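Below is one structure; the comments refer to it alone.
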């Protein structure tokens, strides 16, 4: 059993993928080819924003967004302590300080009340993470940001395809960033990312920053990055986008099946917040004796993952020794992710849950 079965999807799409790749090889425009613009337009329509800017990775997308907002040395950006390292490293890489706040234990999402308490005169932005496929409380965070004159940047690396009170993830803030890492709900066959905004001036600035700061051919007005999505990856993503809605429904069906099966064990996954429709990038539980359970599942042939074992404020490169986030630290000790992908079969899920039943202490 695979934790994420990319081969099943590839087998389904192989003729279309082969044709798309051959088309790129035939026209030879490997950088900024027509497929890149076509993908940007398709994604902008899907998310219901005016502008999508493709780039080289989700991490680049976050850093570009921060730079586009003018955030730099001396500024503070509020982030959750529970996320992949790129959430905080992107802030540090533009010279700003990530300010870590605690999360809600039931959802793993950033706690808006903690955000409010963390705002200082140096705060320039709030970066909520749409964790494991579901959006943070963007409505409350947006209102809080507006009251304090702050920007909101949605880290939507895992949540393309999700909605929050009927609005698509990536359309919930002034600028949003997503990732096309292969394991994401919409994944490439390599790295890739994208930015989304309705702000025309910001979109132009972001595109310039992603293309060496260029505003005209060989005229570089800004200090930018070389962060362009390869044409081959855009072609692959366009094919995958054709079945994305169906795969999202398959993910949601798999999550509902886990909910039902695990309910019989009285094991509760991270809760879906009211008003949210998740993209279900991961399916995660909070368990006592996480490492023991994980070892017993491995013995039974069940792959698992830990997202994330070390909170951001304890990562050596980004540590804040003054920071205390008790909920975050508890979740990092207890979190365990089960196999999750669109092609997960009911019999496989039953096998996972039966193995978990035998692995749990006292069950």
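The values are calculated or read from the model by the stated rules, or taken from the named source; none is laboratory data. For clarity, every value in this text was computed on a predicted model and none was experimentally measured. Cβ atoms come from the backbone with ideal geometry, glycine included; neighbour counts cover every protein chain shown.
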Quiz item: On the given criteria, is residue 278 within 20 Å of residue 186 (Cα to Cα), at pLDDT 95 or above and in contact with a strand residue (DSSP E or B) (Cβ under 6 Å, 6 or more places away or on another chain)?
Solution: no
Quiz item: Mind checking whether some residue in the range 328-340 is more than 22 Å from residue 281 (Cβ to Cβ) and in a loop (DSSP other than H, G, I, E, B)?
Solution: no
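Is the range 185-192 home to any residue that is assigned to a strand (DSSP E or B), in the same structural domain as residue 54 (by TED's automatic domain parsing) and more than 13 Å from the chain's Cα centre (by Cα)? Explain how you work it out, then say what you get.
The initial filter retains those residues of the range 185-192 that are assigned to a strand (DSSP E or B), namely none.
So far as the range 185-192 goes, no, none of its residues is assigned to a strand (DSSP E or B), in the same structural domain as residue 54 (by TED's automatic domain parsing) and more than 13 Å from the chain's Cα centre (by Cα).
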Exercise. Identify all residues within the range 105-124 that are within 19 Å of the chain's Cα centre (by Cα) and closer than 16 Å to residue 312 by Cβ; write none if there are none.
Key: 108, 109, 110, 111
Quiz item: If you scan the range 138-161, which residues turn out to be crowded, with 24+ Cβ neighbours inside 10 Å and not in a helix (DSSP H, G or I)?
Solution: 153, 154, 155, 156, 157, 158, 159, 160, 161
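Looking at 355, 317, 359, 254, which is the one that is out of contact with any helix residue (DSSP H, G or I) (no Cβ under 6 Å at 6 or more places or on another chain) and either more than 18 Å from residue 158 (Cβ to Cβ) or assigned by TED's automatic domain parsing to the domain that holds residue 163 (or both)? Even if it seems obvious, please write down each step before you answer.
Working: 355 fails: out of contact with any helix residue (DSSP H, G or I) (no Cβ under 6 Å at 6 or more places or on another chain); 359 fails: out of contact with any helix residue (DSSP H, G or I) (no Cβ under 6 Å at 6 or more places or on another chain); 254 fails: either more than 18 Å from residue 158 (Cβ to Cβ) or assigned by TED's automatic domain parsing to the domain that holds residue 163 (or both).
When all the criteria are applied, what remains is 317.
Can you find a residue in the range 185-193 that is without any contact (Cβ under 8 Å) to a residue 40 or more places away in the chain and surrounded by 20 or more Cβ atoms within 10 Å (Cβ to Cβ)? Before you say what the answer is, go through the steps one by one.
Residues of the range 185-193 without any contact (Cβ under 8 Å) to a residue 40 or more places away in the chain: none.
Taking every residue of the range 185-193 in turn, none turns out to be without any contact (Cβ under 8 Å) to a residue 40 or more places away in the chain and surrounded by 20 or more Cβ atoms within 10 Å (Cβ to Cβ).
Tell me yes or no: at least one residue of the range 25-40 is assigned by TED's automatic domain parsing to the domain that holds residue 87, over 22 Å from residue 84 (Cβ atoms) and under 20 Å from the mean Cα position of the chain (by Cα). It would help to see each step written out before you state the result.
Our first condition is that a residue be assigned by TED's automatic domain parsing to the domain that holds residue 87; within the range 25-40, this holds for 25-40.
Filter once more, keeping what is over 22 Å from residue 84 (Cβ atoms): 25-40.
If we keep only those that are under 20 Å from the mean Cα position of the chain (by Cα) too, we end up with 39-40.
Within the range 25-40, one or more residues are assigned by TED's automatic domain parsing to the domain that holds residue 87, over 22 Å from residue 84 (Cβ atoms) and under 20 Å from the mean Cα position of the chain (by Cα).
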Quiz prompt | Extreme residue, surrounded by the most Cβ atoms within 10 Å (Cβ to Cβ), among residues of the range 278-300 that are over 15 Å from the mean Cα position of the chain (by Cα) and closer than 30 Å to residue 167 by Cα | solution = 285
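Quick one: how many residues across the range 41-65 are in contact (Cβ under 8 Å) with a residue 24 or more places away in the chain and either farther than 23 Å from residue 312 by Cα or over 16 Å from the mean Cα position of the chain (by Cα) (or both)?
Let us first name the residues in the range 41-65 that are in contact (Cβ under 8 Å) with a residue 24 or more places away in the chain, namely 42-44, 46-65.
When the remaining residues are screened for being either farther than 23 Å from residue 312 by Cα or over 16 Å from the mean Cα position of the chain (by Cα) (or both), the result is 42-44, 46-56.
Here the count works out to 14.
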Quiz prompt | Subset of the range 204-225 (residues that are in contact with a helix residue (DSSP H, G or I) (Cβ under 8 Å, 6 or more places away or on another chain) and part of a strand (DSSP E or B)) | solution = 214, 215
Self-check item: Some residue of the range 95-113 being in a helix (DSSP H, G or I) and in contact (Cβ under 8 Å) with a residue 60 or more places away in the chain
Solution: no
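Whether any residue in the range 272-283 is assigned to a loop (DSSP other than H, G, I, E, B) and not assigned by TED's automatic domain parsing to the domain that holds residue 342 is what I want to check.
Restricting attention to the range 272-283, the residues satisfying the condition of being assigned to a loop (DSSP other than H, G, I, E, B) are 272-275, 278-282.
Still in the running and not assigned by TED's automatic domain parsing to the domain that holds residue 342: none.
No, the conditions are met nowhere in the range 272-283.
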Self-check item: Matching option when the condition is under 19 Å from residue 69 (Cβ atoms) and in contact with a strand residue (DSSP E or B) (Cβ under 8 Å, 6 or more places away or on another chain), among 160, 144
Solution: 144
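Assigned by TED's automatic domain parsing to the domain that holds residue 90, closer than 30 Å to residue 7 by Cβ and modelled with pLDDT of 95 or more: is that true of residue 197 in this structure? Show your work before the answer.
Numbers: assigned by TED's automatic domain parsing to the domain that holds residue 90: yes; closer than 30 Å to residue 7 by Cβ: no; modelled with pLDDT of 95 or more: yes.
No, not satisfied.
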Quiz item: Which ones in the range 71-91 are over 26 Å from residue 231 (Cα atoms) and free of Cβ contacts under 8 Å to residues at least 40 places away in the same chain?
Solution: 72, 73, 91
Quiz item: Looking at 281, 300, which is the one that is in contact (Cβ under 8 Å) with a residue 24 or more places away in the chain and farther than 30 Å from residue 139 by Cβ?
Solution: 300
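Out of 75, 18, which single residue is more than 18 Å from residue 185 (Cβ to Cβ), modelled with pLDDT of 95 or more, surrounded by fewer than 14 Cβ atoms within 10 Å (Cβ to Cβ) and more than 19 Å from the chain's Cα centre (by Cα)? Before the answer, list the steps.
Details: 75 fails: surrounded by fewer than 14 Cβ atoms within 10 Å (Cβ to Cβ).
Exactly one residue qualifies, and that residue is 18.
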Exercise. Could you tell me whether any residue of the range 326-340 is more than 22 Å from residue 100 (Cβ to Cβ), surrounded by 14 or more Cβ atoms within 10 Å (Cβ to Cβ) and without any contact (Cβ under 8 Å) to a residue 24 or more places away in the chain?
Key: no
Quiz item: surrounded by fewer than 21 Cβ atoms within 10 Å (Cβ to Cβ) and outside any loop (DSSP other than H, G, I, E, B), is that true of residue 201?
Solution: yes
